[in-house]
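Participant: This is the structure I have questions about; it appears just below.
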Amino acid sequence: MTDPQKVLAERVQQALAAAFGAEHADADPLIRPSQFADFQANVAMSLAKRLRRAPREVAESIRAELSDFPGTVEVSGPGFLNITLDDTWIASEATRMFDDPRAGAGTTTPAQTVVIDYSAPNAAKEMHVGHLRTTIVGDCLARVHEHLGNHVIRQNHLGDWGTPFGMLIEHLLDIGEDAAVAQLEAGQGTAYYQAARAKFDGDESFKQRSRVRVTTLQSGDPETLRLWHVFMDATVRYFNKVYEMLGVTLTDADIAGESMYNPMLEKTCQDLEAAGVATVSEGALCVFPPGFTGSDDKPLPLIIRKSDGGYGYASTDMAAIRYRVHDLKADRILYVVGADQALHFRMVFAAARLAGWLPDTVNAEHVQIGMMLGKDGRRFKTRSGESVKLMDLLQEAIDRASAAIADRGYDETTREAITHSVGMGAVKYADLSVNHDSEYVFDFDRMLGFTGNTGPYMQYATARIRSIFRKAGRSPAETTGPIVLGEPAERALGLHLLGFGETVEQVAAQSEPHRLCAFLFETASLFSSFYEECPVTKEGVDPETSAHRLALCALTLRVLETGLDLLGVPVPERM
């Protein structure tokens, strides 16, 4: 089974070649959904100028080459092609999709190795709302690529190295390992950091000890490394609590923090300098990628090694990109990072290509993440102006979900399971349903609503379909085809479902999860119309019609469940 829009594009291109010559076969057919037919092709309007013919005449020539098309093709207006697919063709393709366990979502051929850099909290502080979007979007893209058969390598680029760790380790020694571990595991990393920073700024002896500790850490002193591991292990255990709560797929095996690249940084600098890609400027080792200038119109430097000999983000990112291409054999690298880092990544990619470390055969892409805003339109913070702890935010989502279904009569265990799914689903779906590079307002009241394009509405749609099968006394897995489309609401739903596989492929190709959300919301909306207009199990519906409609219900449920799983949105059995 194939997306109808894709089928039509191919058929119209074949008609273009037959009517006007092979040189026109690659013209964009400009297929769009239409209110006058299933689809409209507008290619005749754009092609007419090249052919020096009237658009309607061009459209008529195309229509003549589509005489064997499974449907009707009509020319309207100045040269639009209105295309209506045959009902039996839609039903046949829907039945094929019903028989396909993957519901029309094929696999990438050949499979690619896709490295996805996402989440990346700072080990010196607890996770806050700023990490939410990078984590959710990155995890969705990882799920989608794996579903399409690509080899996905997750990279959690933790901020786990550098000069702050001198004072963090010294503070650990001051308060004791057990107390430090308890505080870090409890998600109180920011308070821990602030206490260490206060001592660093106000206690000269502590400052001196911290500076010495940085030196021993960087030199690989065994005891200092042991203390660093104590700190990191406790911090990672806290991160894992957040990941488990969110239901994301990151594990300890995916950690590839700054510490991993630290041994590579000196060679990174040496190789760039030896190749003439990096030069010393004002004491710092810099790459000047072509095309980047500052406000003074002077070339903008990407600083690989600071004038004091220290390394920064650019050093680590250059080492990482070479590692991911050379060692991980990446075909594609996705950096799911805040939009404010756009210039940095453009320069890193340009510098890596200049060095030959990022060949043309490998795509490196910055999946820009927009800022989360509060209802006041400003950066989302607590009333006191602090960053909101991510764990607190997620727990509030669960608490609000619990209140929303408190009167539905569920036992405590069932209610807890449902509220967790609803709370996390609401937060994740609200994020994924907007373009990732857009700012969006975090609003619990809206995202937890059971109407509109929300997680709870989507979850309720799946629960409603399962209730139909309970009434019918069978499970979706026991349902058999074929799918027959007799009513307009059945036809509209069946035609729409055929686009699922193509939508998933577009999400992977363009790194845009919101496209899948939009498709699933339209699916749920069309199913709602079908449910109202086409009785499935009511008295008076003949068994054959009921069977056909149950098959359409089963296909819809599989598409919704598969799509929500790709988004990382849990689907409770009941709502």
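Participant: Mind listing whichever residues of segment 139-187 are within 15 Å of the chain's Cα centre (by Cα), without any contact (Cβ under 8 Å) to a residue 40 or more places away in the chain and open to solvent by 40 Å² or more (accessible area, probe 1.4 Å)?
Facilitator: E146
Participant: Among the listed residues T190, T216, identify the single one that is without any contact (Cβ under 8 Å) to a residue 24 or more places away in the chain and either over 30 Å from F500 (Cα atoms) or of a type in the set (D, E) (or both).
Facilitator: From the options T190, T216, the qualifying one is T216.
Participant: Oh, and also: When the residues of segment 525-575 are filtered to those that are in contact with a Lys or Arg (Cβ under 9 Å, 6 or more places away or on another chain) and aliphatic (A, V, I, L, M), which remaining residue is farthest from R474 (Cα to Cα)?
Facilitator: Residue satisfying both the conditions and the ranking: L567.
Participant: Additional query: Could you name every one of the helices (runs of 4 or more DSSP H) located completely within segment 1-96 that has at least 1 residues being charged (D, E, K, R) and in contact (Cβ under 8 Å) with a residue 60 or more places away in the chain?
Facilitator: 4-20
Participant: Can you find, within segment 217-232, the residue that is least open to solvent (accessible area, probe 1.4 Å) among those that are part of a helix (DSSP H, G or I) and modelled with pLDDT under 95?
Facilitator: Filtering segment 217-232 for residues that are part of a helix (DSSP H, G or I) and modelled with pLDDT under 95, the one least open to solvent (accessible area, probe 1.4 Å) comes out as L217.
Participant: Can you name the helices (runs of 4 or more DSSP H) wholly within segment 389-469 that have at least 3 residues being free of Cβ contacts under 8 Å to residues at least 40 places away in the same chain and open to solvent by less than 10 Å² (accessible area, probe 1.4 Å)?
Facilitator: So the answer is 412-432.
Participant: In segment 261-271, which residue that is of a type outside the set (D, E, K, R), open to solvent by 50 Å² or more (accessible area, probe 1.4 Å) and modelled with pLDDT of 95 or more is nearest to Q218 (Cα to Cα)?
Facilitator: It comes out as M264.
Participant: Restricting to segment 17-64, what's the tally of residues that are basic (K, R) and buried (at least 18 other Cβ atoms within 10 Å of the Cβ)?
Facilitator: Final tally of qualifying residues: 1.
Participant: Quick one: how many residues across segment 470-498 are in a helix (DSSP H, G or I), within 18 Å of S528 (Cβ to Cβ) and open to solvent by 70 Å² or more (accessible area, probe 1.4 Å)?
Facilitator: Number satisfying all stated conditions: 2.
Participant: Please state which of the following conditions D254 fails to meet, knowing it meets all the rest: (1) open to solvent by 30 Å² or more (accessible area, probe 1.4 Å); (2) at pLDDT 95 or above; (3) not small (G, A, S).
Facilitator: Of everything listed in (1) open to solvent by 30 Å² or more (accessible area, probe 1.4 Å); (2) at pLDDT 95 or above; (3) not small (G, A, S), D254 misses just condition (1).
Participant: While we're looking at this one, here's another question. Among the residues of segment 132-161, write down those that are over 9 Å from I116 (Cα atoms), at pLDDT 95 or above, of a type in the set (A, V, I, L, M, F, W, C) and assigned to a helix (DSSP H, G or I).
Facilitator: Passing the criteria: I136, V137, C140, V144.
The values are calculated or read from the model by the stated rules, or taken from the named source; none is laboratory data. Bear in mind that the values here come from a model prediction, so they are computed numbers and not experimental data. Cβ coordinates were reconstructed from backbone atoms using ideal geometry, including for glycine residues, and neighbour counts include every protein chain displayed. The area values use the complete protein model at the heavy-atom level, side chains included, leaving out ligands, DNA and RNA. Shrake-Rupley method; radii C 1.70, N 1.55, O 1.52, S 1.80 Å.
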